[in-house]
Every structure is written in C-alpha cells, then in structure tokens.
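Participant: My structure is below; once you've seen it, I'll send some questions.
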Ligand code: HEM
C-alpha cells in the first residue's frame, strides 16, 4: 500500500473520530430525524443502491417520510411525503434555496457560474431573471411557438419515412427533435441534421453526453461527502468528468464563437440577446459575462432536452400499454383538430384529456426522481426535529407521487383522476400541490416549467394524433416492459421501438 493511501486513511480515521466527538459535545437538544444506522466512514452511502429513489422509498417505508442519513461527513435529509415536502419547499423554502457542493458540476460547468448549481444569491438571481424574461416569459414562449411546431412536423415526417422501412427507436427521434427545437430558440439554428433517413448519428452522441452529465452530477460521489478522498477518486469518476468537460466546453465554445463571427446577420435568439446585453451600456453587475453565457447555454441544453424527451417517450409507452386511454385521447384530438392537419400549440388549451395524460405521465415517471438537491443555509427545527446547517436535502418526488396515502391505486396509469369528478381534479404540477412536484417547488422550482409542459404536451399530442404504434416483433402491448433503467435519471430500461401506422391525411406527413 502506498504512503499516500496510508496517509489518507489515517487522516480520515482521525477526522471521523474528531467529528464524532465534536458532534456529541455540540449535539442540540432536539433529535435528528430517524434513519438507518450508518457504517463507519462511508455512513449510509452503501444504502443508496443502484436506483437511489427506490432504495430511499424503501427506507422511508421503514423509518417514516422524514429521514436522516449520513453520507461520509455530510448530513442528508430525505423527504418522502407531500406534507413534509411542503414544510421544506414552502414554509422553510428560503432556508433551503441553495445547492450543495458538487465536485462534478464544479469541474464541468465552469465553477458554479451557471444557474442550476449556483449558490443562492445575487448572481443566481440575475441569471434566473435574464433567462425567465428572455426565454420563458409568456411572450418569449409565444414568439418561438412556430419553431416548435415546425420541428414537431419534421419529427412526424421523419418517423413516417423511417417507419415505412423498419422499426424506429422513438427516444432517439424525440431527442433529436427536442434538441433542435431548443437550439433554434437558443442559438437560432438546428444542431443536428435530419436529412439522412431522418436521423443524425451525432444526435446520439449528444444525448449520451447529456445523460452522462446528469449521471455524473447526480451520482452519489464519495468526494462530495468526504472531500479528503477526492484525490483517490475511488469511484473512478474523475477521468470521466475531465473527458466530458472537454467535450461540453468544445460544444458551447464553438457555438458562442460562431455566433460572434456572424454578428452582422440579424439573429433572433437567446444567445444574440445575451451577447447584445453584454455589449450594451450599463452596469457590468447587470450583465452575464462570456463564461456565464456558456454555462447558461449548457444548463438549458442539459436540463431541457433529456427531461422532455424521456417524459414524452414514457407517455407514448403508457398509451401503447393502455389502448383504451389512447383511443380516448385520439377521439379528443380528432374532434378538436380533425384529421387534415397537425396539432398546434393553440389547440393545447382545448385538450383537457391530453393535459391529464401528461400529468399522469409526470406523476409515474418524473425525469428527475430525486429532484435536484438543495442545502440549508442555517440550522432549523422542522416537525420537532433538528435539521443541521449545511445538510443536503433530497426530495423523493417519485415516491411522493406514488404514496398510497395520497393516491388511489397509485401504480395504475389513470389520467381520469385529474379530470372533473376525479380524486385530484384541481391538482396541478406547477409546485403548489405537493403530492405531485415533478418540477420541484419554491424559489428554485424548474425555470423551464412552462416550456417543458408545452413541449411534452405538443409532442405527445402530435405523435398520438399522427400514428397508431405497433410494437417491434409483434409484441403484445400488455407485455411492454415498463422497467426503469438503473441510475439517477428516469430512462426506460428498454428503449421504445415501434412501427408507426399513419392515421391522418397523407399530405400531413410531407412537411
Ligand atoms: C419535463 C420537463 C422538465 C422537468 C420534469 C424538469 C424538472 C426540474 C426539476 C425537478 C428541477 C429542480 C427544481 C428544484 O430544485 O426544486 C429543475 C430545475 C431546472 N430546470 Fe427543469 N425540468 C424540465 C424541463 C426543463 C426545460 C425545458 C428547461 C430549459 C430549457 C429546464 C431548465 C431548468 C433549470 C435551468 C433548472 C435550475 C433552476 C434553478 O436552480 O434556479 N428544465 N427542473
């Protein structure tokens, strides 16, 4: 064993001992929330398992909906019921509005100069305000509506063309479509080509890059909880982080430089607006610098693409598995839209059953099942327990949305529960009804919520309206595998591979 190893282990043992002594001396009078007994040094890291939202849901069933874990030296609070989530994300929201340190995010996304991982404060507020105004306001969403519709139309004709020859991997097509739609809003052009049989292999590389980014920033990295171990890189993530950081930086630097070079052409997109704001007269404190602009672009590409495409893929899988629900949705679409054109965003307000289908999909398949972690600025008391300063907060939105105390037959896909007369007729996903919070809640709620909902609704409606889907190899829809892949994001274990059968007038498919 090398002397570095011996020194590190000795340091950790000494630090653990001192930490425990200090904790005991400075213990507050209130107890910590209950939880499983931690292992020496690693604490409860071994309890996290390969699908942490499942393991944490099982722990909550045993110890209750408010749990305390110790991951390395860090206190972690896990929430698994609507009423407890409301305490943290509404009553005490201001105290839980920062993000914990994250070694992977720090290296890959320009040392927290972004929006997603930025500490709560002035810089976060400015980045959030700028993106809310220029990308997600009602006006900005309406201004870019035609771009999303054009990309949806291309998706349909690409699927029709490819599907006439072989089964199509729906997730791949959705990912390409959503990335191009977002790219046109953010940088004024598509980033992937769909000329060649409707699919650009580079789009797969991009999807892999985004999923890897989410995995590496979401993984329970020992170095985040025991900083002394960072140099040893026990999980072997440092190499992957370095490699991915280079690819991500090349991707956004290229985009920004190219945009600056073509300044003379009149662009109408978020990046042009950010660059123009930067060069406009006024206080530097009110502007984003080049690095912040790159970080923001990365955030939007990463947070906006895989979340929306995996939700739409789950929605279509549920419609295939539940043919009665698909027929009901198609009847609604045919009566509002007809069979002679595609769905538009203006139609969405007249499609209540579609809205219920998308809510039910987000309930059972939230793309970030543990939301994004928060951290406490000050210690506080919640429900009679001591919550230590600097503790990491994980909200198990997946478990909350399947809680049998909140939902009748929680595992059943039943959009009717959100319709008039249903058990949750007035419940929405926008952060006010804590039994379903796929976008989080409070100050740090998803900034792209309105765009995400529009994109998932538009694409689910467009696909269900334009096609009936048969499963590859004649598989019976009842047998469709609905397992989740292991990991921190909610991917399907088996990608959805389908044969599309067009159901609208033929001219609709030739965009
Ligand atoms: C189905 C779609 C989506 C889901 C379910 C989703 C979910 C989430 C969740 C759970 C959070 C953490 C909220 C919290 O801490 O309470 C989040 C944050 C965020 N999301 Fe989304 N998201 C979606 C789509 C999008 C889109 C389309 C964009 C942008 C293009 C986006 C950008 C962001 C950003 C920038 C943050 C960080 C906000 C902050 O820290 O202030 N998301 N999202």
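The values are calculated or read from the model by the stated rules, or taken from the named source; none is laboratory data. Quick caveat: nothing in here was measured; it's all calculated off a predicted structure. Reconstructed Cβ throughout: ideal geometry from the backbone, glycine too, with neighbour counts over all protein chains shown.
Participant: Hey, any hits in segment 201-214 for a residue that's over 24 Å from residue 346 (Cβ atoms), modelled with pLDDT of 90 or more, over 22 Å from the mean Cα position of the chain (by Cα) and surrounded by fewer than 22 Cβ atoms within 10 Å (Cβ to Cβ)?
Facilitator: Residues of segment 201-214 that are over 24 Å from residue 346 (Cβ atoms), as a first pass: 201-214.
Subsequent filtering for residues that are modelled with pLDDT of 90 or more retains none.
No.
Participant: Just to confirm my filter: which helices (runs of 4 or more DSSP H) fall fully inside segment 112-189 and include at least 3 residues that are away from the ligand (no atom under 14 Å from the Cβ) and under 30 Å from residue 285 (Cα atoms)?
Facilitator: 138-143
Participant: Now a separate question. Among the listed residues 113, 123, which satisfies the condition of being surrounded by fewer than 18 Cβ atoms within 10 Å (Cβ to Cβ) and under 19 Å from residue 293 (Cα atoms)? I'd like the intermediate steps shown before the answer.
Facilitator: Working: 113 fails: surrounded by fewer than 18 Cβ atoms within 10 Å (Cβ to Cβ).
Answer to the check: 123.
Participant: Okay, moving on. Based on what the data block shows, is residue 78 under 18 Å from residue 445 (Cα atoms), within 19 Å of the chain's Cα centre (by Cα), surrounded by 23 or more Cβ atoms within 10 Å (Cβ to Cβ) and touching a residue at least 40 places away in the same chain (Cβ under 8 Å)? Lay out the reasoning, then the answer.
Facilitator: On the way: under 18 Å from residue 445 (Cα atoms): yes; within 19 Å of the chain's Cα centre (by Cα): yes; surrounded by 23 or more Cβ atoms within 10 Å (Cβ to Cβ): yes; touching a residue at least 40 places away in the same chain (Cβ under 8 Å): yes.
Spelling it out, residue 78 is indeed under 18 Å from residue 445 (Cα atoms), within 19 Å of the chain's Cα centre (by Cα), surrounded by 23 or more Cβ atoms within 10 Å (Cβ to Cβ) and touching a residue at least 40 places away in the same chain (Cβ under 8 Å).
Participant: Further, regarding this structure: Looking at (1) surrounded by 14 or more Cβ atoms within 10 Å (Cβ to Cβ); (2) touching a strand residue (DSSP E or B) at 6+ places or on another chain (Cβ under 7 Å); (3) at pLDDT below 95, find the lone condition where residue 493 falls short.
Facilitator: (1)
Participant: Restricting to segment 273-309, name every residue that is assigned to a helix (DSSP H, G or I), over 15 Å from the mean Cα position of the chain (by Cα), over 20 Å from residue 189 (Cα atoms) and within 15 Å of the ligand (Cβ to nearest atom).
Facilitator: Matches in segment 273-309: 292 only.
Participant: Evaluate segment 241-255: report whether one residue or more is modelled with pLDDT of 85 or more and more than 30 Å from residue 177 (Cβ to Cβ). Don't jump to the end; show me each part of the working.
Facilitator: Within segment 241-255, the subset modelled with pLDDT of 85 or more is 241-255.
If we keep only those that are more than 30 Å from residue 177 (Cβ to Cβ) as well, we get 242.
So far as segment 241-255 goes, yes, one or more of its residues are modelled with pLDDT of 85 or more and more than 30 Å from residue 177 (Cβ to Cβ).
For (1) under 24 Å from the mean Cα position of the chain (by Cα); (2) away from the ligand (no atom under 11 Å from the Cβ), each residue gets a yes or a no:
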{"residue": "362", "(1), (2)": "yes, no"}
{"residue": "366", "(1), (2)": "yes, no"}
{"residue": "371", "(1), (2)": "yes, no"}
{"residue": "379", "(1), (2)": "no, yes"}
{"residue": "385", "(1), (2)": "no, yes"}
{"residue": "390", "(1), (2)": "yes, yes"}
{"residue": "394", "(1), (2)": "yes, no"}
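Participant: In segment 321-342, how many residues are in contact with a helix residue (DSSP H, G or I) (Cβ under 8 Å, 6 or more places away or on another chain) and free of Cβ contacts under 8 Å to residues at least 40 places away in the same chain?
Facilitator: Counting residues in segment 321-342 that are in contact with a helix residue (DSSP H, G or I) (Cβ under 8 Å, 6 or more places away or on another chain) and free of Cβ contacts under 8 Å to residues at least 40 places away in the same chain gives 3.
Participant: Looking only at residues in segment 449-490 that are modelled with pLDDT under 95 and within 13 Å of the ligand (Cβ to nearest atom), which one is nearest to residue 338 (Cα to Cα)?
Facilitator: Result: 490.
Participant: Checking residue 58 against (1) out of contact with any strand residue (DSSP E or B) (no Cβ under 6 Å at 6 or more places or on another chain); (2) farther than 30 Å from residue 298 by Cα; (3) within 16 Å of the ligand (Cβ to nearest atom), which test does it fail?
Facilitator: For residue 58, the exception is condition (3).
Participant: Can you find a residue in segment 56-70 that is in contact with a helix residue (DSSP H, G or I) (Cβ under 6 Å, 6 or more places away or on another chain), part of a loop (DSSP other than H, G, I, E, B) and at pLDDT 95 or above?
Facilitator: yes
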